[in-house]
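Please read the structure below before turning to the comments.
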Amino acid sequence: MTEHTLTVAGVAVDTRHWIGGERVASTETFTDVSPIDGSLLGEISRGTAMEAAAAVAAAKAAFPAWAATHRAERARILHAVADGVEKRLEELAIVETCDNGALLRSHRRGVMPRVAHNFRFFADWLLKLEHEDFETRGHTNHVSWDPAGPCVLITPWNAPLMLATWKVAPALAAGNTVILKPAEWTPLTASLLADIAAEAGLPAGVLNVVQGYGSEIGDALTSHPDVRRISFTGSVPTAKRIAASAAANLTPLSLELGGKSPLLVFADADLDLAVDLAVEQYDNAGQVCLAATRFLVQESVAEEFTRRFVAKAGQLTQGDPRDEATDIGPNIHPRQLEKIDGFVQRAIAAGARAVIGGHRGDGQYYAPTLLTDVAQDSEIVQEEVFGPVLTLQTFATEDEAVRLANDTRFGLAATLATGDPERAERVTAQLVAGTVWTNCFFVRDLQAPFGGSRHSGVGREGGTWSFDFYCDVKNTVTAPNGWRNHG
Ligand code: NAD
């Protein structure tokens, strides 16, 4: 234990950056607080342009050797990282819960196993990554994926380690080095990941973690000329700043942003299933980019759907996320709570009716809310709230449903509840969304393309799409009959 260690539920976490295989402290710190009860978790190193430059330099120095490391060896080390995650799963789960307030039971059973899976999946995918050679007038075309260089990965607070490793794992598998910048509200599990990666034998400088406010350290990372890729998950305004900053060097960007996704419930749907899907949208206290926050329900079943939804939502337990019985935990930060309540009160002032909720709970909790009587062009229908706040509108026809579903500036996901496969196909073809779920929700395979349309993002990651982004894809054309003698 040093003065740079904090302890969360018995787990020691280093509060410094991890740069070039060493812990590096900043002179300034920022305060990390638990959303569960507002308790102080600790003071974290507050990075500046200086630490950003040091991390990029370390990543640049480590790149040639890591890029030249045989694929099988890179894959072996990534599996060793996954082993380390599994070994420390309980610790990661409780630290993440204390830091971001999401359910401990989800971290234990879903999220942290998924973190390990991120490493295993991309390690295995690397080994089978290939494109069949093809011929052009007797010449052979061979496609290969070359490592690109240092990658800056910037992540949000709503699913910190899962979203970080969904980028870290393919970037490393591809043979790149990484500078990870986690969100300032949830810095802790990224620090634990640095320890785990080092123990797994990842060479110094291959993974670097820098802490700090995006506004202070972000620009130095995203405008750095030695950075070859930037992958960002977060909000639209930040994405625009990052895109502007990256433009100076034309650094390729992958942007995974917000959403205002619809749940379309047709009269022919299994209503119990539709209600199950609808109630799921309160998961993680509504702090899920993919959440279907706009219910669009066919008029003839709207009353019955609402009745069943209210009954089901009434069974949800809100409280301490460490408690196994809790379904909805706190929201991340007093500022976020303020923002959520602002959206709801402005909607109510504009004529919306709160069918349930519509107000704060105790502490940092917001009452699960469903608003009706909302206009399509209103703020509450158009803007992402990122809290447990859902709206319900009705539609008469399929055409109207599609029109309402597509009528925001986002296009991340859409969920359909319908009993008619032909309708599902017709509607899906017209929806603007990176992912469409029919009669299900949140099924995410790592080999699937993932990303958003319009303001929900730029680019796709997942499976080969991740390697396409994190690599310089090369086509090598060889003359007919192998090597010609030009001598
Ligand atoms: P945010 O944009 O405020 O912050 C995200 C990250 O960007 C943080 O690490 C922050 O420190 C950093 N940052 C801030 N300013 C920066 C700058 N100028 N340069 C570089 N980095 C900077 O977002 P948030 O509030 O942490 O996250 C919530 C948002 O993320 C929501 O809009 C949500 O929909 C979105 N999100 C999207 C996905 C997806 O996969 N599409 C997943 C999760 C969350």
3J(HN,Hα) from dihedral phi, the range 367-372, Karplus parametrisation 6.51/-1.76/1.60, rounded to Hz, x for glycine, proline: 4, x, 10, 10, 10, 10
For the range 34-48, 3J(HN,Hα) per residue [Karplus equation, 6.51 cos²θ - 1.76 cosθ + 1.60, θ = phi - 60°, Hz, x = Gly/Pro]: 7, x, 5, 9, x, 6, 6, 8, x, 9, 10, 4, 9, x, 10
So the FRET efficiency between TYR213 and SER453, C-beta based with R0 = 30 Å and rounded to 0.05, is 0.50
Residues of the chain: accessible area per residue at 1.4 Å, in Å²? 40 Å²
In nanometres, the difference between 0.36 nm per residue of separation and the alpha-carbon distance of LEU250 and GLU425 is 59.2 nm
With +1 on each Lys and Arg Cβ and -1 on each Asp and Glu Cβ, and nothing else charged, work out how big the dipole of the chain is about its Cα centre, in Debye to the nearest 20. 1140 debye
What list of whole percents do you get for P(r) of the chain, with Cα-Cα distances grouped in 10 Å bins up to the one holding the largest distance? 4, 19, 28, 25, 15, 6, 2, 0, 0
Evaluate the distance, in nm, between pseudo-label points positioned 7 Å from the Cα of HIS79 and of ALA325 along their respective Cα→Cβ axes. 4.4 nm
Once the dipole of the range 262-438 is set up with Lys and Arg at +1 and Asp and Glu at -1 on Cβ about the Cα centre, which of GLY411, ALA350, GLN287 lies farthest towards its positive end? ALA350
Check: in the chain the Lys pairs 8 or more apart or on separate chains whose Cα atoms fall under 20 Å apart number 9
Could you calculate the contour length gain from ARG403 to LYS87, that is, 0.36 nm times the residue separation minus the distance between their Cα atoms, to one decimal place in nm? 108.9 nm
Only Lys, Arg (+1) and Asp, Glu (-1) charged, at Cβ; the range 262-438 dipole about Cα centre in debye: 520 debye
Simple spin-label model, 7 Å along Cα-to-Cβ: ASP377 to PHE134 in nm? 4.7 nm
Within the range 238-293: Cβ-based charge dipole about Cα centre, in debye rounded to nearest 20 (Lys, Arg +1; Asp, Glu -1): 680 debye
For the range 262-438, give the percent of accessible area contributed by carbon and sulfur heavy atoms, probe 1.4 Å, rounded to a whole number. 48 percent
Give me the extension gain from GLU22 to GLU299: residue separation times 0.36 nm, minus the current Cα-Cα distance, reported in nm with one decimal. 93.6 nm
In whole Å, what are the extents of the range 262-438 along the principal axes defined by its C-alpha atoms, from largest to smallest? 47, 33, 30
Of the accessible area of the range 130-172, computed with a 1.4 Å probe and all protein chains kept, carbon and sulfur make up a percent value of 52 percent
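The values are calculated or read from the model by the stated rules, or taken from the named source; none is laboratory data. Keep in mind that what you see is a predicted model, and the values were worked out from it rather than measured. All Cβ positions, glycine included, derive from the backbone under ideal geometry; neighbour counts span all protein chains shown. Quick note on the areas: whole protein, heavy atoms, side chains included, nothing else; ligands and nucleic acids left out. Shrake-Rupley method; radii C 1.70, N 1.55, O 1.52, S 1.80 Å.
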